[in-house]
Each structure stands twice: as structure tokens, then as C-alpha cells.
1. Between copies, how far apart are the residue A:212 label points? List them in nm, one decimal, shortest first, with each point 7 Å from Cα toward Cβ, please?
2. Cβ under 11 Å from residue A:200's Cβ, residue A:200 left aside: what net charge do those residues give with Lys, Arg +1 and Asp, Glu -1?
3. Which shape class, rounded, prolate or oblate, goes with chain B when its Cα gyration tensor gives a ≥ b ≥ c as root eigenvalues, a/c under 1.5 marks rounded, and past that a/b bigger than b/c marks prolate?
4. Put +1 on the Cβ of every Lys and Arg and -1 on every Asp and Glu Cβ in region C:12-93; which of C:24, C:45, C:34 then has its Cα farthest towards the positive end of the dipole?
5. Which Cβ of chain A lies nearest the axis of the rotation superposing A onto C, and at what whole-Å distance?
6. Relative to the other copies, what are the label-point distances for residue B:272, with labels 7 Å from Cα along the C-beta vector, expressed in nm at one decimal and sorted shortest first?
7. Of the options B:55, B:314, B:252, report the single residue whose Cα projects farthest towards the positive end of the charge dipole of chain B (beta-carbon charges: Lys, Arg +1; Asp, Glu -1).
8. Among C:155, C:176, C:126, which residue has its Cα positioned farthest towards the positive end of the charge dipole of chain C, with +1 placed on the Cβ of Lys and Arg, -1 on the Cβ of Asp and Glu, and the dipole taken about the Cα centre?
Protein chains: 4
Amino acid sequence: MSSVVHVCLVGTGRAGKVHANSLVKHVPGGQLVALVDADPATLAAAGEEYGVKAQFTSLEDALAGADFDAVVIVTPTFTHCQLAVTAANAGKHVLVEKPMAVSLEECDKMIGAAESHGVVLQIAFMRRFDPEMMAGYERIQAGEIGKPMMIKSLSHGPGLPPPWGRDMKKSNGMLAEVNSHDWDCVRWLMDSNYERIYAEIANFKGAARGVDTPEFYDNAIVSIKFESGALGSISGICPCEYGYDGRVEIVGEKGLLQIGDIRGQAVIVGTNRDQGYITPIYRTWGQRFAWGYINEMAHFVSCILKGERPRVTGEDGRWAVAGVLAATKSFREARPVCLSEVM
Amino acid sequence: MSSVVHVCLVGTGRAGKVHANSLVKHVPGGQLVALVDADPATLAAAGEEYGVKAQFTSLEDALAGADFDAVVIVTPTFTHCQLAVTAANAGKHVLVEKPMAVSLEECDKMIGAAESHGVVLQIAFMRRFDPEMMAGYERIQAGEIGKPMMIKSLSHGPGLPPPWGRDMKKSNGMLAEVNSHDWDCVRWLMDSNYERIYAEIANFKGAARGVDTPEFYDNAIVSIKFESGALGSISGICPCEYGYDGRVEIVGEKGLLQIGDIRGQAVIVGTNRDQGYITPIYRTWGQRFAWGYINEMAHFVSCILKGERPRVTGEDGRWAVAGVLAATKSFREARPVCLSEVM
Amino acid sequence: MSSVVHVCLVGTGRAGKVHANSLVKHVPGGQLVALVDADPATLAAAGEEYGVKAQFTSLEDALAGADFDAVVIVTPTFTHCQLAVTAANAGKHVLVEKPMAVSLEECDKMIGAAESHGVVLQIAFMRRFDPEMMAGYERIQAGEIGKPMMIKSLSHGPGLPPPWGRDMKKSNGMLAEVNSHDWDCVRWLMDSNYERIYAEIANFKGAARGVDTPEFYDNAIVSIKFESGALGSISGICPCEYGYDGRVEIVGEKGLLQIGDIRGQAVIVGTNRDQGYITPIYRTWGQRFAWGYINEMAHFVSCILKGERPRVTGEDGRWAVAGVLAATKSFREARPVCLSEVM
Amino acid sequence: MSSVVHVCLVGTGRAGKVHANSLVKHVPGGQLVALVDADPATLAAAGEEYGVKAQFTSLEDALAGADFDAVVIVTPTFTHCQLAVTAANAGKHVLVEKPMAVSLEECDKMIGAAESHGVVLQIAFMRRFDPEMMAGYERIQAGEIGKPMMIKSLSHGPGLPPPWGRDMKKSNGMLAEVNSHDWDCVRWLMDSNYERIYAEIANFKGAARGVDTPEFYDNAIVSIKFESGALGSISGICPCEYGYDGRVEIVGEKGLLQIGDIRGQAVIVGTNRDQGYITPIYRTWGQRFAWGYINEMAHFVSCILKGERPRVTGEDGRWAVAGVLAATKSFREARPVCLSEVM
């Protein structure tokens, strides 16, 4: 292989363009050489924006018509497995967006295909590459707060997900689409797998927005008992309107660690003493995790070039999916669910 | 009655002295005229500190030997009911520390005695008198964040509770002793009763501290489903070592409201660029809720003088106890428990 | 003397009522027994509010008609000297608001009268009693930041001062009326006197507000060279509209110390992701220095009862006046002015 | 010209490597093709790190031996003029670090050479490209705080400058080396030139560090009167030890704007309730202005490719030098100095 990884981006929507931006501007070892999107207009616009002429409406066409080393899959969840397996079978390295897939069976197929063909399979948990999250992880590992006892992680996002993103069959809903990052983060930071899950959900905004998706919910609180004996909580709200909010708190035997803030910029303006002063908030995940996205792409490219195993593996993606499945079973049956029941 | 309320303080330990301080320094309408404590040394020291000569080792003796209008009960939980009922039966107004009592039956006796004798019965949920909590409540009521969808409240306290405070029969343990405030706050701020509770607990520090209390736990996460359909979470950690931590976050249909901070003073010192800068943290609940304690005592005195019903009633105290009982049943049986099962 | 200090409040306007509130609610050792105000309506209203029947339109009348131990002087600056001297000559202890007086000659008369009659003379620099300022002072004294090299102190206040408060003859203007606290604080915290002063002023809002006071200015930046060799800066803005802002930063040889914040409450609300989230700001000095006002009154009462010298003396008040005089000479002559030129 | 700008980096020390990093990782339109450094070891190390084989010990050699479009000059201040003029005369575009030069005559030569040869001359005031500073500027321009009345800007840096950086002839000392950014920022944000300057300096740490540079100072406070009538203050401390600190506050007729914070990461750890919790601080300017450095390089490359005038010009650099010269004259003569005296 040359010293540059040639990449085909599959899915050129909003999230896809975040990855395109990383490749084009900030990861010199990666070169965006082909684009795939089922929608010709989106595809053409992305091609124009990133100066990529090789444009295809399917991965199969791209494999046939362009030369590349890796794919970045940024499509709806229910398509991940088939795309990843196709790419791996063609010997392409795979970076796939979260959630990894809809079921554990799909995850297993993806992991199996990657292993069979010796390609990198990285799940796009960009929080693991956020400088603040990484610093937090390292400080826990260094023992600063002692043995972790409790973790709370939240992801509140501003806008209503698209129909497939709230369809329990196509995506597993909000706990998968929005909270996948939390599922991964708490397991990573606590260095322990989930043992038992309890979930409560609520639907506050669906009716007013004309959502008729069965089992739709826009609020969730999940309780987690870890194998280590520690406790955890994940909360999800989407749409929350007020901004993009992703924060983690961990208490260990020695003390407290907080990671993240809603403050989007260290700028304040005060002009009304009856109201107070105003601080910008993170509007989107792209703003909040700007360096996380860049760093994860640089890591993916580096793993390919160096032949190394990525820091976020298919196994990690599979665990996050398992958590979602247990939580879903929990709120459907109104009881705590052990991971052993779904894995 | 004169324009001053004469008060007998029952229990002159650390928490009792917080109330004595309010009476002596900051609530001119209240006059501390008698002290009760079973321990003569503690009693004498408090008498000396506050200049109160009427000192008794039992409430009965105080009732016989001193003239006062009200009692402030700051003793172990399992003694609250008997003391409050005795006081009410003697026509004395009652401010009783949280948790109100060990069982709902005890709560009912206390409420009944107060009603029968037409005395004020106020539960010492000082957070309701904290200027920040009050501002948060008013802003929710004013509709600033829309209909509340989710609340999270935490109380993490620094030190190991005394033996009775972790004895499930004498106090109901940490969820009662430490988290009573959260139980009350979430109900107050959400303006809805709990419907269903799920609790997970853990014991991380008991063994190292030689705690052999049965069912001891020092970490808890509680999930709440409110009658309104909203979701909630309470977390408790004690001992947490790192300070006193009491914060609340509420998300409504329109946005986010955060109340409280761990920052104990707006003072920072930075002398080590490899480490960072240091900000004081609240060391104790007395520091965090300094105005809350003063304001609740002023409210108690005012209610007595004006013949008004207190803002925090026996019913409120009873609900907090009910929540603890449901949570305890939940972690014992590893299942969600509806309030209807315990009330 | 009895164990209670009987106090006559001279000046029952907004600032006077802050002191009345301290006496009536939070300083049990002090008793507000008489009120003086030249305006009968203001006087009657304060009498009603604080339940004080002994009301007079002059200090002389109060001295003749009421029995008290001390006066608290909260009147326009140009009246301080005559009132304080009258009170001291009558053997009354004196707490006088800042600025101490208009000239050093007046300060000397006040100091002399207090010394002659052996009464306490305390200047109302309440920042010295603010818990955060006190903590900062103690940490500097403890050597946490090493030898102080630079200090910056600011006071920005919301509203236009009254006519006498911007009249250079009756008050010395904004640097005296608003920034007296900074003059005192920097000298206290740096533990060094000013040696040389340079001041720049500006008038941005006078014209639009119809201010025709000669030499009116609403913005000022003062540079200070201390006798210790350290540097300092004071800034004043009044009216600033956005709230009450009083903060200090000190850098010592070892590091940074910041005291104070504009945040008026640890409460935030976020409902608009394009704008950000909103934090309450201190609206007034009364809010910002609530404990400072209470503590300074408690200190005054305690000094009287114990016969001790107050922590803030006439000498301190005199130095603040000297700083203002040097700064005024500086901006009038557009050159740095040494304190030796005015003292 | 091709669609890529070929760049020669002159000066491969710590600051030079920040720019190399931008070019190699984050500015795809720029290609680092040649390196110049007088020190062969430094040069070779940088060549190895960035994979640049064309290495020279002088700009003249580089001009003769390599093909490039632009130079980035990151050498001691006293060398800027000669290097920039040489480059411009050879038709190369120039990005030169601050301070622009030692004297206004040097600035004029640089501006003249760039104009004569039609090349871009950009001064590396990276704060103008910091997202927070840019947002602040835009909000002022949008009128959010009304007409600016007062600005305060500070730069406190951790380490002792090298000998040339404190030599008044080779660099003009700290107000130039450390505070150039403040000189530029206040002029930019206030949209007004300086009219009158007063400076106070102090030397606290020189002796203990064995500094024998004449006129050495490590603390400075500068007062500024702007042509607009507004007031300003700049403070410099170097070495300050506690981190890298660069913040700005502006008060306009309508309110307050603060830009920047010492918080280096939204991560806190609390393990000691007697001490408080710890927040990372910015250790270096590279951390604080990470995006500023990337964005300024992207802007330089874009201006070259599009033939546009840079947002930070030689005139801007010249004004910052003029401010330093006026401030230096001020502290030498202990009097305020008008810009007209030095320009």
C-alpha cells in the first residue's frame, strides 16, 4: 500500500460531510477518492464541495468503478451490516457510524467478515477521541479518583430524528441513535461490562410533531449495574431543542471527575441585569466533538497504514447494541433485564 | 402569643447547632430558650455556646421545666415520631429534621397529632428555602422551560453516617438520611408525585471502614416515573469524600434548567500549570445551604406568628418516606415498585 | 455598657436600609433604636418598616432625644465629616459609609475626634468582610501565590449616581463614590500603599442623560505603582447597566488568584440554541455583598462590645481618599501624580 | 500558480513547528517544501519530523535551491525585516511572526517591499483567527454591547523569554514579545487607534533568575486612550508560571463582553474537600490558540490563491510596534506619551 489511504465515503448527508471534511482538510494520510449516495442530488453536491469526481449510487458500483482502500459508512443503521460486509469481502477497511447495526447477529457478521479478510473494522465512537474524554479516561486509569463507583452519561440532541431513526426495526430508536455514545463511553470509562439494565421511557413531543412511529419515545433514563459492581445512568432526550448536550460524571472511591460542559465558547455577553448574561451553547455534535471527529479519522487511517488494531472495535460496537437491546426489552417488559438474556 | 416565638431545641449535635445558629443570629422573631440532649456534655457545651441556661436531658423534662412555643427536633430518625407527637400533644409547634420518620404509620401519627392540636408541623427540607432552588422553582412555574420532562437530583455527602443512620430499621439508610432532600425536591420541582421506582445500590467502602450493618450501601441510583409521565433520577453517594454535592437538572419541553454547583466560593488559585487551577468546593451541607437553613427557620417562626400553614408539610415529609420505602423494596426485590404497593 | 449596642442610623435611603436590615435581622448584638433623615417621608417609611419609633430629622435632635451608643452614617459624602465629628464628640461610636470624606482635612478631623473621645471609627468597606475577599486575603497572606506583583480591581455599577455623587466638590465623583472599595481593597490585599497614580477618564453617557455636572466622567482606568514595587489597576464604570460587577485579580510570583464573579446565582436556563444559555448576574451591590454587609455590622458591634480596634480604620478611609485625590489631579493635569503631592 | 501554495518555513524552533504542523496536517492548500534554520541540528530534526528534505541554513540558500511561493518567518524579531524584504524582493508572499519588527522604519521597509512586488504580507496575529475572538469581534460589530467604552486585554506567559527577547534593541522586550497580540487585539476590537499611552513596569523575577539585560521588566500595565475617546488597559506578565493566560473584556454602552478563559479543558477532578477541585489551565499559547494558528495559515494560503488582501496587514503590525514604542518611551520618561510623538 502507498503512504496514503484512499477512501470511499458511503453516505454523503450531514454526518457524512463531517467525515469528508476531516479527510479533506485535517487528515493528510487519507484521501477522499470516491463518493456513494443513493440520492443523486446529494451525491453531486458533495462531489462538487469536496472536488471528488468518482460518484456512485451504490457501493457495488463504487467497488467496480473506483480504486480505494477503505470505506467510511455513514448511512442509516439498518444498512450498515450489508455495506460493511460487502466492503470487507472486497478487502476494504471499514469505519462504520454508530450504532454498529440493528442486531447482534448483524454485528457478528460484520466482525466475522472483517476478521476473515484481515481488514480494519472501526466503529465511529468519536467521543473516545475527544481530547477531554481521553484526558478523563487517562486520569481514571492513573487512579486519580480511585476505583470508579458511579457514572452518569447523557446525550441530549436538538432535532427530531428521521423516520428510520425512530423506527424500532430500522434503528432501535433513540437509545441507539442518540445514546450509542453513552453506551460505549460508560463501558470504556468504567472499564467494565454492563450486567443488568433498567430503562424508563417517555414520549412528550411526538404527538405535537405528528410522529406516528410505533413505540416512539423522546426521553429515556437507563440504570446500569456493571459487572464490577459499579452503578451507572444514561439519559437521552431528543429532540431537546436547547442545544447539543453530552456530558459525563464519574465518582470513584477517591473523588469526582466531570467531563464536558454545555458551554460552546468562552464568550459571554451581558446587557440585561434583570435577565443575566448569555453564554453560547454547543448547537450540534459537530461543534462539540470537532476534534473527536478529526482524531478518529486520523486514527482509522493510521491503523490502516500501520496495520494496527483500532482503539474502538467491532466488539465495542456490539456491546453498545447489546445494551440497547436489553434496555428496550426492559422498558417493554417493565423489569430489569440482565445482559445474559440478550447476548 | 407574644411577637416572639420561644423555641426549645431537641438535639444539640452538629445539625442542631445549625438551627441554633439561625435562631440566635438570624431569626429575630425566634428565641432559643431551652435545649434538650440526652448527652449531658453535648448539652452543656451547646448551652454555653448559645447562652441558654434551660437545659434538659429529655423533652418531657423540658416541657415540665421551661416555657416555650415550639420545638425543633434534630435527633436520630427513629425518635422523630415520639418526640413530635409528644410536643404536638403539649401544644407545641414542630419543626422536625428529615427524614420525617421511619414508616408511613409514624408519619401519619405525627400529622394526626399536629392537626388535632392545631400546631404547625414543618419538615426541615431546607432546599425549598435555598434562594437558587426557589428561583429554579419559580422559573419552572413561570413556564420558562415548558412542561418538565426529566429531572436529575443528586446528594453526595462527605462522611460515613453514624451507626443508626445506616441501620435500615432506625433510619432506612442512605436513601433516607442523605437523599431525603432529593425525594422532596424532585416532587416539588416536577409538581408531580412518584408513580414507579427502581433502585440499584452498591457497597464500595463499607468493608474497608469496618461497617457490618446489614444491607449497608453507600451508592444508589434511583429511577422514577412520575404520575405526570415525566422521568427522574436520584443519586446518592455517602461517604463521597470530595465535598458536599447537591445539584439538580431539569429538562422541560422548551429547555434546560440547572440549579446548584459544586463551587463553594468564587475564588480560584492557579500556581501549577501542569495541574491546573483550584476552586473551593462546598465542604458541608451547612455551607451549601447557609441561607436555606436561615430562611426555613424564619419561615417556621413566621408561620407560627401568623398562624399560616408551612410551605413544607407533613404530607411532603410522608411522600419522601414513601419514596424511600418503595426504593428499598425495589432493590431488595430487584424489580420496579409502584408507590401503590407501599402507600 | 449593656451587652447590646444601641444604634442610631443616620440616613435611611437605600444604602441606609441595607444597614438597618443587618441590625434588625442578622446582628443580635446591635439594636436599631433611632433613625435620622432630613426627609420626613423617607424617615417615616423606614420607621414603619423597621419598627423604630424614635425618628429625627437631624443628628443633633437624635442626640438630644434618644439614648444610643453608636451611629451608622449613610448620608452624602460631603456631610460625613460634620456628622461623624458631632457623634464622636458626643461619645458615640461611628460606622461611616465610604468615601470617608471629601478631603484629607476632613478625614483628619474625624480621626482626631474619634481618638479624642475614645470611640470606634470604622469605615464601611464591606468588601473586607466578604467571605470571598477574606479568603483571598488569607491565601495571599499564607503565601499561596507568593509575593504579589500585580492587582486589578474593578467596580462597575448599574445606575447614574445622584447629582451630589458626581459633583467633584461634594463627593469627588465616580472614583470616590464607586471605586472607594477598589482603592481600599488593592491597598489591603497588596499590603502596600500607593506611591504613584495615573488616571484616564471618559464621559460616554453623560450627554444622553442630560448630565451637566462639570468634569463628569463615567469611565476611568487608574494605574497604580505601589510602594512595594508592585503594579495595580482600578477600573470604574457607572452607569454600566449590565449589573453590579466587582472583581479582583492578583498575580504573585507563584501564581494567580481571582476573587469574585459576575454570576449572581448558580442557576442556568437554556432554551435557545442559537443564542446560548442564561445565567443570573448580580443586579446590585447589596446582592453581591450580602454577607459583607452583615459581617461588617457584626464586626462594628463586636468591636464596641469588646473595646477593640476595628479591622478597617480611619487611616484606611483616609488612604482611599488620598488615592482619589491623586487620581483626580492626574487626569486633570494629564500626568502621573505621586501620593506625596497630595498627602 | 498551481492550486497549492508551496511554502518555505524560516525558523524551525518551537513556534516554527506550530506553523509547520498547521501546514502539514490542517491546511491542504499549503505544502511545506523547504526549511530554513541557522542551527543545523534543529533544522535536521524538523526536516525529519515533517518529511521535508529541502533544508537550508539561510533564506538566500533556500531561494537559490528550492522552488516555493511563500515564506513563513518565525525567527527573532530583529531579523524579521531583512528576511521579509529579501523574500518579497524575490516575489515570495510573506507571513511573519509578531512583533512585525523592531522599529517603524523596518515596518515601512517591509510594507514597501511587499507592495512593490505585489506579494501578500500578513502578520501572524493568530488571535484574530481564534473562533472566540472572531465571535467577539462580530458581536461588537453587530452592536450587541453598543459603542465600546473600555477594553482590557492581558497576556501572561509561563516562561522567561530568551536573551534576545528581553533585549530592548533586538525585540523591544516583553510589551513587544508577549503583548503584541494585545496591542493588535484592542485596536481591532475597539476599531480605533491609540492616541495616548501610559505604562508602568516592574521587575520581580529578574534578579533571582540571573537576568542582567538592561531595562529588563517582567510586569507591565499600560493605559490607553483611544482616538474614539474609549479607554483601554493591557497587562503583561512573563514569566507568570501559572499557565498561558490571554483574555479580553470589553464594556460598551449597552453591556459587557468577555472573551477567553484560563480553563484549558472542560474536565474537573475533586478529591480533596479542604482544597477544592482542580481544572486544567492552558499551559501554552499553542494550546490556547490551536484553531487560531490553523485558521491564520489557511487564511494566508487562501489569500495567496485568491489574490486577496489578508485580514491582518503590515499596517496592523506597524501600529502594534508603534504602541510598544510609545509605551517604552512612557515608562522611560514616567509620563503619558501620545502616538504622534513616535509615529
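The values are calculated or read from the model by the stated rules, or taken from the named source; none is laboratory data. A quick note: this is a predicted structure, and the numbers were derived from the prediction, not measured. We place every Cβ from the backbone using ideal geometry, glycine too, and count neighbours over all the protein chains shown. We work out accessible area using only protein heavy atoms, side chains counted, and drop any ligands, DNA or RNA first. Shrake-Rupley method; radii C 1.70, N 1.55, O 1.52, S 1.80 Å.
1. Label-point distances to the other copies, shortest first: 6.6, 7.4, 9.0 nm.
2. Details: positive: B:196, B:225; negative: B:195.
Net of charged neighbours comes to +1.
3. Note, shape of chain B comes out rounded.
4. C:24
5. A:278, 3
6. 0.6, 4.3, 4.3
7. B:252
8. C:155
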